[in-house]
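The structure appears right after this line, and notes come after that.
The values are calculated or read from the model by the stated rules, or taken from the named source; none is laboratory data. Bear in mind the structure is a predicted one, so any value in this text is a computation, not a measurement. Cβ sites come from the backbone with ideal geometry, for glycine too, and all protein chains shown count toward neighbours. Heavy atoms of the whole protein, side chains included, go into the accessibility calculation; ligands, DNA and RNA do not. Shrake-Rupley method; radii C 1.70, N 1.55, O 1.52, S 1.80 Å.
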Amino acid sequence: KVAVQKYPNSPLSERTSIKLGYIALEKGDALGALRLFKEHIDNKNFDKKESFSKDLARIGSGIAFAKLNRYEEATQQFSEVEKKSSFKDLQMEAAFRRGDTYIQAKNYAKAVQDYRDSLKKYPAAQTTVPNAYYNQAEALFNIDKFRESLDVYRDFVKKFPNNEHAPFAMTRLGELMEILGADRARVVGAYLEAFFRYGENPSVIVARLRLLSARMKGMKPKEVDSAVAEIMSLAKKIELPNMDQFANVMVADGYTNRGENQKSIDLLKKFYQQNPTTADRNLVTSRIVKNISNQIRDEVDKGQFIQALKTHQKYDDNWLKNTKRLDVNFDLGRSFEMAGVPKEAEKYYRDVLNKRYAMTPTESKAAQVVERLPSADEVNLRLASIMSQEQKFSPAYDHLKDIKHPEKLTETQQIERVNLAVNILERRGDVDSAVRYLAELLKTWKGQAALVAGPYLKLSELELKQGKKDDAIQSLAKIDEMMKDSEKVPTDIHIKSLQSLGDLYLEKVQQDKAIAIYEKLLSKYEEQSPLASMRYKLGEVHFKRGDIQKAAETWNSFKGNESNFWKNLAQEQLKNSEWRDGYKKYIKRIPAMIEDK
């Protein structure tokens with residue numbers, strides 16, 4: 001300072017003056033740096049047509065303002081240098097410093113746009129400014145634009161594989177793939193690549209922790225205990241903030257992946273209670289709520305609706321008290337629907353549907369990351385179901401019409417939708433529309449035999465109501481054909497279809513075909529299902545054709561005690577037949593009667 005003051009015209013004065021400001025920045029004295037930079041800019045001795053040092057002083061001022069959280073003033077300094085400087089490298093420096101400042105200010109959307117504009121304007125920066133990619137990717141992550149974040153992180157790793165942040169970027173790639181629902185093998189592969197590429201780098205240990213957590217799902221109980229111990233041990237080796245919390249979250253996620261939601265809940269609750277001041281409340285709370293939600297959903301999926309309601313009651317006044325998750329209320333609605341309380345189910349479903357409709361696409365995408373968000377179509381299907389159960393067919397049909405993308409429903413849900421629509425049309429007396437609806441759908445639908453067989457059986461019933469026996473026979477024969485091809489048609493549906501098919505052939509006096517179908521039915525299912533009535537019917541066909549021997553053979557093969565009624569009925573038929581045969585012989589021996597005149 002003394003030298004600059006004593007020798008203001010020295011060739012070294014300008015260099016020394018600017019250096020003083022940057023030394024103050026390095027010491028952490030942002031206010032002192034601002035004063036020194038201002039003195040440099042105001043110094044008339046440094047006035048030149050193109051002043052490199054004054055542009056440097058403005059960049060330094062921007063850095064100092066940013067350190068003081070005066071972000072607007074910082075970006076003004078950088079923008080002025082980019083706009084007015086004659087030096088291309090300083091213009092580029094200022095442009096990307098401005099993006100960094102938006103990151104510090106947590107104005108992530110603005111930072112992303114600024115980085116993108118600067119990269120287009122200064123293409124040389126694509127291989128020289130790593131922060132333009134790394135910060136941009138992290139900003140996209142923070143505003144839940146996960147797909148874009150993944151792409152930018154990939155660019156960063158490709159362009160700057162030796163950068164100090166590359167190990168963390170590789171780990172983040174795995175995290176993003178997991179968030180986006182990539183195949184588990186690909187996610188694990190990303191963590192493995194980070195581990196093998198960057199060795200013992202602290203950021204890679206994060207990948208190792210995630211890898212162990214991901215693998216817990218397929219481990220045996222003793223292996224799980226070892227993995228948990230290793231996660232906790234590795235976390236202590238990393239000098240990064242909140243590693244103890246991260247380790248507990250990773251173990252909890254591992255338990256969640258194994259379906260051990262209660263273990264995960266208990267672990268996180270214990271950690272939170274032991275670290276009330278240091279724990280990230282939002283992170284831990286959201287994980288606990290997620291596990292409670294998973295547990296309720298799993299119980300509902302297993303049909304344990306009473307247990308699901310108890311689980312909700314257990315946490316309703318604490319962890320679930322202020323939650324805005326829609327999946328919890330949706331599963332509560334499912335629980336009440338299973339419990340036969342449609343009014344209560346309807347209340348929860350309508351609340352979910354109204355909030356679902358109110359969501360913007362962005363809000364919907366963000367919610368899908370942290371919860372199993374039911375679609376509006378799923379909720380409309382459930383409302384249609386309970387409306388139908390209450391015989392409110394008109395509103396039930398309206399909810400079915402509100403389903404906009406039926407192809408996105410699961411196959412089971414699609415079948416339910418079809419059955420509901422057909423039943424409602426049938427109840428309304430519009431059998432022709434029900435048949436047309438079902439027939440057209442089945443022509444184009446490539447569903448699984450296990451699911452499609454039911455609609456074909458229903459179609460045959462409707463066709464019989466129309467008096468179209470030949471069409472009904474074709475529908476029933478289709479079920480038998482699917483069973484032959486796949487062996488996946490549900491047993492009860494195949495049995496019913498064969499019974500109906502045999503009966504139809506009998507009505508059409510095609511006895512040989514009826515006999516073949518009844519024999520197939522008995523040979524395939526008589527050991528496992530009560531089919532005594534069908535065995536009686538088969539014998540009766542032979543009996544009426546006059547083939548008493550064949551009828552007797554059929555009726556002598558009844559199985560099980562529950563067949564006694566049909567067995568006795570068959571014996572009566574045979575006895576009557578024997579009596580009639582004997583009576584015919586007796587009649588032949590009686591002389592012809594003389595008719596009285």
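Rank by packing, highest mean first: peptides 94-106, 402-414, with packing defined as the count of other Cβ atoms within 10 Å averaged across residues.
Ranking, from highest mean packing down: 94-106, 402-414.
Using Stokes-Einstein with the Kirkwood hydrodynamic radius over Cα pairs, what translational diffusion coefficient do you get for the stretch 438-536 at 37 °C and a viscosity of 0.692 mPa s, in µm²/s rounded to a whole number?
240
Expressed as a whole percent, how much of the Cα-Cα distance distribution for the stretch 370-520 exceeds 26 Å?
Roughly 32 percent, once rounded to a whole number.
What distance in nm separates the two pseudo spin-label positions at Leu569 and Gln126, each 7 Å out from Cα along the beta-carbon direction?
8.4
Grab the DSSP H runs of the chain that are 4 residues or longer, score each as -39,500 (n - 2.57), total them, divide by all residues and round the 222 nm result to the nearest 500 deg cm²/dmol.
Helix-only estimate at 222 nm: -24500 deg cm²/dmol.
Kindly express, to the nearest 10 degrees and within the range 0 to 90, the angle between helix 243-257's C-alpha long axis and the longest C-alpha principal axis of the chain.
Tilt of helix 243-257: around 10 degrees.
Take the alpha carbon atoms of the stretch 35-72, find their center, do the same for the stretch 1-19, and report the distance between the two centers in whole angstrom.
Taking the Cα centre of each part, the stretch 35-72 and the stretch 1-19 sit 16 Å apart.
Could you check the simple spin-label distance between Val370 and Leu192, using points 7 Å along Cα→Cβ, in nm with one decimal?
Here the answer is 3.3 nm between the modelled labels.
Please work out how much accessible surface Asp89 shows to a 1.4 Å probe, ignoring ligands, DNA and RNA, in Å² rounded to 10.
Here the residue's solvent-accessible area equals roughly 90 Å².
In nm, what is the difference between 0.36 nm times the number of residues separating Asn576 and Arg35 and their Cα-Cα distance?
Between Asn576 and Arg35, full extension yields an extra 182.5 nm.
Does anyone have the angle between helix 108-121 and the longest principal axis of the chain? Alpha-carbon axes, 0 to 90°, nearest 10?
The angle comes out near 70 degrees.
Applying 1/(1 + (r/R0)^6) with R0 = 60 Å to the Cβ-Cβ distance of Ala358 and Lys544, what FRET efficiency is obtained, to the nearest 0.05?
0.35
Where does the stretch 199-273 land on Rg/Rh, using Cα atoms and the Kirkwood Rh?
Using Cα coordinates only, the ratio equals 0.96.
Evaluate the Debye formula for the stretch 322-367 with equal point scatterers sitting on the alpha carbons, no solvent, and hand back log10 of I(q)/I(0) at q = 0.22 Å⁻¹, in q order, two decimals.
Result of the Debye calculation: -0.73.
Can you pull the one-decimal nm distance between simple spin-label points at Glu411 and Lys310, each 7 Å off the Cα toward Cβ?
Roughly 3.5 nm, to one decimal.
What is the distance in Å between the Cα centres of the stretch 152-231 and the stretch 553-569?
67
Could you please put Glu540, Glu371 in sequence from largest to smallest accessible area, using a 1.4 Å probe?
Glu540, Glu371
To the nearest 0.05, what FRET efficiency results for Ser233 and Lys159 with a Förster distance of 41 Å applied to their C-beta separation?
The computed FRET efficiency comes out at 0.75.
Once the Cα atoms of helix 166-179 and of the chain are each reduced to a long axis, what angle between those two axes, in degrees from 0 to 90 to the nearest 10, is obtained?
Roughly 30 degrees between the two axes.
What order do Leu240, Leu267, Leu538 take when sorted by accessible area (1.4 Å probe), most exposed first?
The residues order as Leu240, Leu267, Leu538, largest area first.
Ranked by accessible surface with a 1.4 Å probe, highest first, in what order do Arg58, Arg372 come?
Order by accessible area, largest first: Arg372, Arg58.
Can you pull the accessible area of Lys314 for me, 1.4 Å probe, Å² to the nearest 10?
For Lys314, the solvent-accessible surface is approximately 120 Å².
Tell me the per residue accessible area of the chain using a 1.4 Å probe; a whole number in Å² is fine.
Heavy-atom accessible area per residue stands at 55 Å².
Can you give the accessible area of Trp566 in Å² (nearest 10), computed on protein heavy atoms with a 1.4 Å probe?
Trp566 exposes around 70 Å² with every protein chain in place.
Alpha carbons only, please: Rg and Dmax for the chain, in angstrom.
Rg, Dmax (Cα atoms, Å): 39.2, 167.
Determine, at each q value in 0.13 (inverse angstroms), the log₁₀ of I(q)/I(0) that the Debye formula gives when each Cα of the stretch 4-88 is one equal point scatterer.
-0.39
Using a 1.4 angstrom probe on heavy atoms only, work out the carbon and sulfur share of the accessible area of the chain in %.
Carbon and sulfur: 49 percent of the exposed surface of the chain.
Over what distance in Å are the Cα centres of the stretch 409-446 and the stretch 478-531 separated?
24
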